[in-house]
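*Asks:* If you scroll down you'll find the structure; I have some questions about it.
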Amino acid sequence: MKKKASGRRLWWAVHQWVGLKLSLFLAFILFTGTLAVLSAEIDWLLHPTLRVSPSSVDGPPRWDLIAENSARYPGVATINYIARPTARAFAVRVAFQRADESRGYLHVHPTTGKVQGEQSFVDAQRVLRNLHRHLNLPVKYGIPIVCSLAILLLISLVTSFVVYRKWWRGFFKPIRWRDVRTAWGDFHRLAGVWSLWFVALIALTGLWYLVEQLGGEAPGLPEPTSEVAALPSGAAATSAADRLAVSLAAARRADPTLVVESVQFPDEKSGAFVFQGQRSAWLVRPRANAIWVDGASARVVMASDGGDLGVHQRISEMADPLHFGTFAGYWTRIPWFLFGLLMTGLALSGAAIYSHRIAHSARVAVARRPIMSGVWLGMGDWRWLSLILVITGGVMIGWMFYKG
């Protein structure tokens, strides 16, 4: 009996340590990831020209008209890609490059093709996703740092089943508000049982990103075996836009079932238009389904299907849709956002609870201090690592704007 109790105390200590020492950094990454789920909507709020009246949208985007008007917009030297709107209230985003190689986005009405305005290349989507993914550091350093938190999440998940005995009875236990510490504890357990599946999902996909960055990446997606000659060096954006209509028609003849979500324009290496989107394959990024069309001859060079990918490739393509909940539109993105907030609350509430317990065992008088003061003291020297990482991510936002 004593051995069993001792084992449980060990599991409890591990759960407390993991939940507390890097809680500040963990909460920061969870919160930025949560905001990233709805980052397109944040941009929609920040940029009036990104908004359109849903009643004015008729059918899928007019890719050719959008390209034609974008190419003639002042300052546009080349078009990089056109992305399908997030929802009917959104304009199409056209990524372009100026003559001085600076980048930006145009906001274009999906039906009329009217250019409504432009914005910087650095927006809420880019800031939040880069912060969440790699703290705006070089990816070879930033991704391992961030994704190592997946290991802590998995440890927290496994130990929670031991420290919270008969956890399945906690789904409908109300929060007791008799004091702050009790309320935090009840919230932590209630949020934990409802978030078990989500914690597992985020931890496993995060671990997958870590494996990929450390050398376990999947084989590359299919590409044309023969190179497509680049368009003439003097070909401007208008020239490429003029070729889009016939290339799109060729792609639709080749596969009428492809729902186009992105059009990649020819660049200095290849003269092919790449039409990416969704077919019947479930849980894959749009790039897994693509049709390459030679911009000069309108000849279909290659068509790829996400359903033909190998197991390793398929897992890689599933990671992003599962991690950010993008595979069913708002039906999944909104629940992912809400559960992301719940996970952030778990990190903070767990730190608040465990800081008091750990501090008490170390005879540190924090019982009468504010909760966040107790968290700060309970984190020990690890708080400085968390603080440095969070500040680094914030400071690097300025570098993004400088480069962008």
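*Asks:* Test of understanding: ordering D320, D64, D179 by Cβ neighbours within 10 Å, fewest first, what list do you get?
*Replies:* Lowest to highest Cβ neighbour count: D179, D320, D64.
*Asks:* Using only Cα positions of the stretch 115-162, each an equal point scatterer, no hydration layer, compute I(q)/I(0) via Debye at q = 0.17, 0.19 Å⁻¹ and quote the log10 values to two decimals.
*Replies:* -0.64, -0.70
*Asks:* For the pair S56 and K173, how long in nm is the line joining their label points, each one 7 Å along Cα→Cβ?
*Replies:* Taking the simple label geometry, S56 and K173 are separated by 5.4 nm.
*Asks:* I've got another one for you. If r is the Cβ-Cβ distance from T182 to A229 and R0 is 56 Å, what FRET efficiency results, to the nearest 0.05?
*Replies:* 0.20
*Asks:* In Å, what is the Rg of the alpha-carbon atoms in the stretch 121-248, and how long is Dmax?
*Replies:* In order Rg, Dmax, the Cα atoms of the stretch 121-248 give 24.0, 74 Å.
*Asks:* Can you give me the long-range amide H partners of Y81? Hydrogens built in the peptide plane at 1.01 Å from N, cutoff under 5 Å, separation of 5 or more residues or another chain.
*Replies:* The answer is A95, F265.
*Asks:* Follow-up. Rg/Rh for the stretch 171-306 to two decimals, with Rh computed the Kirkwood way over all alpha-carbon pairs.
*Replies:* Taking Rg over the Kirkwood Rh, I get 1.28.
*Asks:* For the chain, what mean projected area does the convex hull of the alpha carbons give, in nm²?
*Replies:* So the Cα hull casts an average projection of 23.5 nm².
*Asks:* Then there is this: Based only on Cα atoms, what mean projected area does the convex hull of the stretch 237-309 have, in nm²?
*Replies:* Here the figure is 4.7 nm², rounded to one decimal.
*Asks:* Rank the residues W331, W11 as a footprinting-exposure proxy: fewest other Cβ atoms within 10 Å of their Cβ go first.
*Replies:* W331, W11
*Asks:* For the pair R287 and I391, how long in nm is the line joining their label points, each one 7 Å along Cα→Cβ?
*Replies:* Reported label-point gap for R287 and I391 is 3.5 nm.
*Asks:* Rounded to whole Hz and in sequence order, give me ³J(HN,Hα) for the stretch 132-144 from the Karplus expression 6.51 cos²θ - 1.76 cosθ + 1.60, θ = phi - 60°, writing x for Gly and Pro.
*Replies:* Result, rounded to whole Hz: 5, 7, 8, 6, 6, 7, x, 4, 5, 9, x, 5, x.
*Asks:* Based only on Cα atoms, what Rg/Rh ratio does the stretch 90-172 have, Rh being taken as Kirkwood's radius?
*Replies:* Looking at the stretch 90-172, the ratio lands at 1.28.
*Asks:* Which residue, F96, F339, F172, has the most motion in a Gaussian network model of the chain that connects Cα atoms within less than 10 Å?
*Replies:* F172
*Asks:* ³J(HN,Hα) across the stretch 316-333 via Karplus (A = 6.51, B = -1.76, C = 1.60, θ = phi - 60°), whole Hz, x for Gly/Pro?
*Replies:* Rounded to whole hertz, the list is 4, 6, 7, 4, 5, x, 6, 5, 9, x, 8, 7, 9, x, 5, 4, 10, 5.
*Asks:* Give the order of R243, R279 when sorted by the count of other beta carbons within 10 angstrom, beginning with the fewest.
*Replies:* R279, R243
*Asks:* May I pose another question? Apply the Karplus parameterisation 6.51 cos²θ - 1.76 cosθ + 1.60, with θ equal to phi minus 60°, to every residue of the stretch 17-27 and state each ³J(HN,Hα) to the nearest whole Hz, in sequence, with x for glycine and proline.
*Replies:* Along the stretch 17-27, the couplings run 4, 5, x, 10, 4, 10, 4, 4, 5, 4, 4 Hz.
*Asks:* Rounded to the nearest whole Å³, what is the per residue volume of the convex hull around the Cα atoms of the stretch 30-171?
*Replies:* 151
*Asks:* Hey, any idea what Rg/Rh is for the stretch 48-122, computing Rh the Kirkwood way over Cα pairs?
*Replies:* With Rg and the Kirkwood Rh in hand, the quotient comes to 0.95.
*Asks:* Out of every Cα-Cα pair in the stretch 1-78, what percent are more than 17 Å apart?
*Replies:* Of all Cα-Cα pairs in the stretch 1-78, 74 percent lie more than 17 Å apart.
*Asks:* What are the residues whose amide H is under 5 Å from the amide H of A230, where those residues sit 5 or more places off or on another chain and H is modelled from the backbone?
*Replies:* The answer is G271.
*Asks:* To continue, here is another question. Given the DSSP H assignment, sum -39500 (n - 2.57) over each helix run of at least 4 residues in the chain and divide by its residue total; what's the result at 222 nm in deg cm²/dmol, nearest 500?
*Replies:* Roughly -17000 deg cm²/dmol at 222 nm, from the helical runs in the chain.
*Asks:* Would you mind calculating the relative contact order of the stretch 48-122 from Cα pairs under 8 angstrom and at least 6 residues apart, reporting the percent as a whole number?
*Replies:* Dividing the mean separation by the residue count of the stretch 48-122 yields 34 percent.
*Asks:* Here's a follow-up. Might you report the magnitude of the Cβ-based charge dipole of the chain about its Cα centre, with Lys and Arg at +1 and Asp and Glu at -1, to the nearest 20 debye?
*Replies:* Charge dipole of the chain: 2760 debye, to the nearest 20.
*Asks:* When you take every Cα atom in the stretch 135-195, what is the radius of gyration, and what is Dmax, the widest Cα pair distance, in Å?
*Replies:* 16.2, 48
Bear in mind that the values in this text are calculations on the coordinates, not laboratory data. Computed from a prediction, not measured in an experiment: that's the story for all the values here. Quick reminder, even Gly has a Cβ in these numbers, built from the backbone with ideal geometry, and neighbours come from all protein chains shown.
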